[in-house]
Amino acid sequence: MTSLSVAKSRVSNWLFEHALPLWADRGVSADGRFFEQLDFEGRPVTGRRRRTRVQARQVYVFCEAAALGWQAGRAVAQTGLDRMIDLCRRDDGLWISATDDDGAVIDDAPDLYDLAFVLFALAAGHRVLGDPRARPLALETLAAIQKLMSAPHGGWHDALPPRLPRRQNPHMHMLEAMLAWQAIAPDPAFEAAARVSLDLCRDQFIIDGAIREYFTEDWAADPQTGHVIEPGHLEEWSWLLRQAHGAGLDAGAAAEGLHRRAIAQGQTPLGMIREIDPSGAPLDGGRRLWAQTEAVRTALAFGDANVGDLVDGLFATHLATDLPGLWVDSYDAEGQSHEAAAPASSLYHLMTAFSELLRHKP
C-alpha cells in the first residue's frame with residue numbers, strides 16, 4: 001500500500017515540474033487566453049470553441065498553483081482573468097458560453113454550468129490575486145442569475161432559453177462556487193444560493209440513496225434518463241456536503257452514504273466507472289479522469305486507507321502519457337482510449353484533488 005507521503009511527492013513532482021509549466025507555456029495563446037486542448041505531443045489544438053467554463057477553470061488552476069507556491073501561476077491567472085472579463089461578460093450581468101480563437105463571440109447564450117465556474121474563478125481571483133473586481137462581479141453575476149434564470153419549480157434554468165432535461169450538475173457547481181465565496185468573503189446572497197442547491201440535493205436529487213442526473217421541469221426523474229447515476233458525482237457531492245457542513249450549513253447526513261455507495265457500486269480495480277443504474281448495475285463501464293480525481297479527494301476527506309493506491313492508479317492509467325504533464329481523459333469499457341488530445345478542462349479536477357492531498361496533514 002502506497003503511503004500518503006509517497007503519493008504527495010509523486011503528485012508534487014508531476015504538477016510543479018511537468019503539468020503546470022507545460023500548460024502555462026503551450027496551453028496559453030499569445031493573448032493570454034487558454035486553449036481547449038493540447039495534443040499528445042504538447043501542441044495546442046486550434047479551431048475549437050473556447051468555452052467560458054474552460055477559461056474560468058484555468059484561471060482557478062493557476063490561482064491555486066500560485067497559492068501552493070508556484071508563483072509563475074500568478075501572472076498566467078491574472079491575464080486569463082483579465083481576458084475572460086474583457087471578452088465574456090454580457091450587458092445583462094450574465095456571461096457568454098464561447099469565443100473563437102480570435103476572441104470573437106460565437107455563442108452568447110448563458111449556461112448555468114459556465115456561470116458557476118465564472119463565480120468559482122472570481123472567488124480564486126479574489127482569494128489569491130486580490131483582484132478588486134472579483135467580488136463585485138460575483139455579486140452582480142449572482143443577482144443576474146437570480147433575476148433572469150430562476151426556475152418556477154426551484155433552482156435555476158440550465159440555460160437561456162430553458163432546456164430539458166434539467167440537470168443536477170450545474171447546481172452542484174453553483175454550490176461549489178458559493179462555498180468558495182463563503183470561505184473567503186461571506187455574503188447573505190452567497191449563503192442563500194448555497195442553500196438553494198443544498199435543498200434541491202436533499203429534496204430532489206437524492207432518490208433511494210443516490211444522486212440522479214436528469215429531471216423534468218418540476219424535478220421528477222426524467223422518464224428517459226432519470227435512472228442514470230454517475231459514481232463520480234456521488235463522490236463529488238459527498239465532498240461538497242462535507243464542506244457545507246463545515247461551513248455551518250445544514251447539509252444533512254447523506255455525505256458518507258454517497259461515498260460508500262460510489263465505492264461499492266462504481267469502483268473497479270481499474271477505477272471509478274462512468275454510469276450505473278439504481279440497482280448498481282453498470283450502464284457505462286468506461287472511465288473518465290475526473291471521476292478518479294473525485295474518488296481521491298473524497299477518500300482523503302474520509303480518511304480511507306487507499307488514497308495512495310488510488311493515486312498510483314491515476315499514474316498507471318490516465319497520467320501515463322509519453323509527455324509528462326498530459327493525460328488521457330477517457331477509456332471505454334474495454335479499457336481502450338480513442339483520445340487524440342488532452343482536454344484543458346481536466347486540469348481543474350486534477351488540481352482540486354491534488355491541492356487537497358498536498359495540503360493534507362495527517
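The values are calculated or read from the model by the stated rules, or taken from the named source; none is laboratory data. Everything numeric here is computed off the predicted structure, so don't read it as measured data. When we count neighbours, we look across all protein chains shown, and the Cβ atoms used for this are built from the backbone with ideal geometry, even at glycine. These accessible areas exclude ligands, DNA and RNA; they are computed on the full protein's heavy atoms, side chains included. Shrake-Rupley method; radii C 1.70, N 1.55, O 1.52, S 1.80 Å.
Hand me the chymotrypsin sites (Phe, Trp or Tyr not before Pro) from region 77-177 located in a DSSP loop with no more than 12 other Cβ atoms within 10 Å, in residue order please.
none
Per residue of the chain, what 222 nm ellipticity follows from adding -39500 (n - 2.57) for every DSSP H run with n ≥ 4, rounded to the nearest 500?
Rounded to the nearest 500, the figure is -15000 deg cm²/dmol.
Name the most mobile residue of 304, 131, 108, meaning the one with the largest mean-square fluctuation, in a Gaussian network model of the chain with Cα contacts below 10 Å.
Sorting by GNM fluctuation, first place goes to 304.
Ignoring ligands, DNA and RNA, what accessible area per residue does region 143-266 give at 1.4 Å, in Å²?
40 Å²
Starting from the Cα of residue 150, step 7 Å along the direction of its Cβ; do the same at residue 3; then give the gap between the two resulting points in nm.
With each label placed 7 Å out from Cα toward Cβ, I get 5.5 nm.
At 7 Å along Cα-to-Cβ for each site, give me the label-to-label distance between residue 107 and residue 29 in nm.
Roughly 1.6 nm, to one decimal.
For region 33-73, which chymotrypsin sites (Phe, Trp or Tyr not before Pro) are both in a DSSP coil and crowded by at most 16 other Cβ atoms within 10 Å?
Values: sites: 34, 35, 40, 60, 62, 70; in loops: 35, 40, 70.
Here the sparse-neighbourhood loop sites are 40.
Run the numbers on region 232-362 and let me know its relative contact order in percent, using alpha-carbon pairs under 8 Å that are six or more apart.
21 percent
Any idea of residue 245's accessible area? Nearest 10 Å², probe 1.4 Å.
130 Å²
For region 24-67, with every protein chain kept in place, what is the accessible area per residue (1.4 Å probe, Å²)?
36 Å²
GNM on the chain, C-alpha springs below 10 Å: top fluctuator among 323, 310, 38?
Judging by the Gaussian network model, the answer is 323.
Mind jotting down the three principal axis lengths of region 245-362 based on Cα atoms? Whole angstrom, largest first.
44, 36, 25
Of all accessible surface on the chain at a 1.4 Å probe, what whole percent is carbon and sulfur?
About 50 percent, which is the carbon plus sulfur part of the accessible surface.
Counting other Cβ atoms within 10 Å, keep those with at most 10, restrict to DSSP loop, and tell me which GluC sites (Glu not before Pro) in region 324-362 are left.
Here the GluC sites (Glu not before Pro) that fit, given the DSSP loop and packing criteria, are 334.
Apply 1/(1 + (r/R0)^6) to the Cβ-Cβ distance of residue 100 and residue 39, taking R0 = 22 Å, and write down the FRET efficiency to the nearest 0.05.
Rounded to the nearest 0.05, the efficiency is 0.70.
Describe numerically, in nm with one decimal, the distance between label points set 7 Å from Cα along Cα→Cβ at residue 302 and at residue 203.
2.8 nm
Of 194, 333, 291, which has the largest mean-square fluctuation in a 10 Å C-alpha GNM of the chain?
333
In terms of modelled amide H atoms, which long-range or inter-chain residues lie less than 5 Å from the amide H of residue 37?
Those lying under 5 Å, H to H, from residue 37 are 45, 344.
With r as the distance between the Cβ atoms of residue 48 and residue 185 and R0 = 22 Å, compute the FRET efficiency 1/(1 + (r/R0)^6) and round to 0.05.
Details: r = 34 Å, r/R0 = 1.55.
For residue 185 and residue 48, the calculated efficiency is 0.05.
Using a Förster radius of 22 Å, what is the FRET efficiency between residue 315 and residue 359 based on their Cβ-Cβ separation? Nearest 0.05, please. Please list the in-between numbers first.
Working: r = 20 Å, r/R0 = 0.90.
My answer for the efficiency is 0.65.
Please arrange 68, 137 by accessible surface area, largest first, computed with a 1.4 Å probe and ligands excluded.
Putting 68, 137 in descending order of accessible area: 68, 137.
Counting only C-alpha contacts under 8 Å and six or more residues apart, can you give the relative contact order of the chain as a whole percent?
Averaging sequence separation for qualifying contacts and normalising by length gives 17 percent for the chain.
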